[in-house]
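Input: a single structure, listed below in structure tokens.
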Amino acid sequence: MTLLFEPIELAGKTLKNRIVMPPMTRSRSTQPGDIANDLMATYYAQRASAGLIVSEGTQISELGKGYAWTPGIYSNEQVVGWSKVTSAVHSAGGVMFAQLWHVGRVTHSDNTGGVQPISASAIAAKDVKVFVDTNGAPGFVDTQLPREMSKQDITHVIGEFRQAAKNAVNAGFDGIELHAANGYLINQFLDSESNARTDEYGGSVQNRIRFLIEVVNAVSDEIGSSKVGVRLAPLTTLNGTVDENPEETYLAVSEALNKAGVGYMHIAEADWDDAPLMSVEFKHAIRKAYSGVLIYAGKYTKERADKALSEGWADMIGFGRPFVSNPDLPARLKQGKPLNSHNPDTLFGGAEQLYRLSNGIIASK
């Protein structure tokens, strides 16, 4: 027995283990309307043995949508759809948070009802493509130049996050995770190379983290700070966001989130080949700055997870791709059983057979 299978407290609940199913886009919501459906309910319920499930990225508005067929949580129909999912997960004994998502500049007007994307600054995401479905002809297109958000825009989007958090709780989620990683809107404010603002939301580290903290405060006022998590990616360069001094920026973020009392921080480590490594010293510095639950994700094995937990800089570990092809992943890890292989061709969209095995156990295989 290792720490990975020990319980842990989060948001007033006792989680059965320290294994997290992190957010993974699958692009299978019902169209039109971007509505979570019965197939998704089965998919998540069959993974309810995780200590915590975080939903796939869920847009808080039409303008916050970056990719075709991803689910939303801003319409009544979407809330009803997600209620089916959370009910199924709870019936299976699981705990589930909704990841709230605004992509900012990482989109195209085909996904946003013809409206120009918005961002911290009018800087395009270079060499970044997004998935669209225009008149039944799905495919990838370049992102578009965004419009710099006015202060009125900022206030409006903060309100959308607040309403989305309320909607998530009404849909039965146990809490929410703010997507502040991987080059999306909140990340576009955080990182120095995507934020060229000269007002109180740009320039210094404290100014660049202001938008995140204002969103955190808004959703915390709505549902309680213990039910709020934040996903961060200090070293990622995904979707064109780069910070010139990530340790300075993300230690400041950690201190601010500690002060705000959020339930957890979820650190996405860069996990592609030749990706920059996040030093153990950096991880210990984050641990010193933030006293809540710390989740790490990024190509973790059981052995790496055990080491992270035993060294104290992580409290829970996310296993992404393995959960897609292994619905019973916690049992397999505990019993030392081999894992089904991951097939990336089945991740996004497609027919039900690419989402479900013939024996009724959902996976990509």
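What number comes out for the charge environment of Ile19, summing +1 per Lys or Arg and -1 per Asp or Glu over other residues with Cβ under 12 Å away?
+2
Hey, what number do you get for the chain at 222 nm if only DSSP H runs of n ≥ 4 count, each worth -39500 (n - 2.57), divided across all residues, to the nearest 500?
Rounded to the nearest 500, the figure is -9500 deg cm²/dmol.
In nm, to one decimal, how far is the modelled label at Ser204 from the one at Gln116, with both set 7 Å along Cα→Cβ?
3.1 nm
Give or take rounding to whole Å, what are the principal axis extents of the alpha carbon atoms in region 1-156, in descending order?
51, 31, 29
Over the chain, what is the percentage of antiparallel beta bridges among all DSSP beta bridges, to the nearest 5?
The antiparallel proportion sits near 25 percent.
Note down the net charge around Ala125, summing +1 for each Lys or Arg and -1 for each Asp or Glu among other residues with Cβ under 10 Å from its Cβ.
Here the count lands on +1.
Run the numbers on region 225-295 and let me know its relative contact order in percent, using alpha-carbon pairs under 8 Å that are six or more apart.
Reported as a whole number, the value is 42 percent.
Under 16 Å from a point placed 7 Å out from the Cα of Glu255 along the Cα-to-Cβ direction: which residues of region 211-245 have their backbone N that close?
Hits in region 211-245 for Glu255 at 16 Å: 213, 245.
How many Å² of accessible area per residue for the chain, probe 1.4 Å?
39 Å²
Quick one: pull the percentage of alpha-carbon pairs in the chain with a separation above 29 Å.
The calculated P(r) of the chain puts 36 percent of pairs beyond 29 Å.
Roughly to the nearest percent, how much of the accessible area of region 1-122 is carbon and sulfur, given a 1.4 Å probe? Walk me through the numbers on the way to the answer.
Details: 1920 of 3660 Å².
Answer for region 1-122: carbon and sulfur cover 52 percent of the accessible area.
With contacts defined as alpha carbon pairs under 8 Å and 6 or more residues apart, what's the relative contact order of region 1-105 in percent?
Relative contact order comes out at 31 percent.
Can you tell me the relative contact order of the chain? Whole percent, Cα pairs under 8 Å, sequence separation 6 or more.
Normalised by residue count, the contact order of the chain is 16 percent.
Given the Cα-Cα distance of Lys299 and Glu247 and 0.36 nm per residue of separation, how much length would full extension add, in nm?
Working: separation 52, 0.36 × 52 = 18.72 nm, distance 2.13 nm.
16.6 nm is the gain from fully extending Lys299 to Glu247.
Taking amide hydrogens as modeled 1.01 Å from N in the peptide plane, which residues meet the under 5 Å criterion relative to Asn182, leaving out close sequence neighbours?
Residues meeting the amide H criterion: Ala233.
Can you give me the Cα centroid spacing of region 307-344 and region 177-245 in angstrom?
28 Å
What is the percent carbon and sulfur in the accessible area of region 187-307, measuring with a 1.4 Å probe over the protein chains and ignoring ligands?
Numbers: 2340 of 4910 Å².
The value for region 187-307 is 48 percent carbon and sulfur by accessible area.
Between the alpha-carbon centers of region 50-119 and region 1-23, tell me the distance in whole angstrom.
Region 50-119 and region 1-23 have Cα centres separated by 24 Å.
Could you tell me which of the pairs Lys16/Lys166; Lys84/Lys166; Lys166/Lys227; Lys13/Lys299 are separated by over 19 angstrom between their Cα atoms in the structure shown? If you can, show how the numbers build up before the last one.
Working: Lys16/Lys166 26 Å; Lys84/Lys166 17 Å; Lys166/Lys227 11 Å; Lys13/Lys299 27 Å.
Going by Cα-Cα distance, Lys16/Lys166; Lys13/Lys299 fall outside the 19 Å limit.
Would you kindly derive the ³J(HN,Hα) couplings of region 149-163 from the backbone phi angles with the Karplus curve 6.51 cos²θ - 1.76 cosθ + 1.60 (θ = phi - 60°), listing them in order in whole Hz, with x for Gly and Pro?
Taking θ as phi minus 60°, the curve returns 5, 7, 5, 5, 4, 4, 4, 5, 5, 4, x, 5, 4, 4, 5 Hz for region 149-163.
The values are calculated or read from the model by the stated rules, or taken from the named source; none is laboratory data. Small disclaimer: the values here were computed from a predicted structure and weren't measured. Counting neighbours? That spans all protein chains shown, and the Cβs are built from the backbone with ideal geometry, glycine included. For the accessible areas, the whole protein counts, side chains as well, though only heavy atoms, and no ligand, DNA or RNA atoms are used. Shrake-Rupley method; radii C 1.70, N 1.55, O 1.52, S 1.80 Å.
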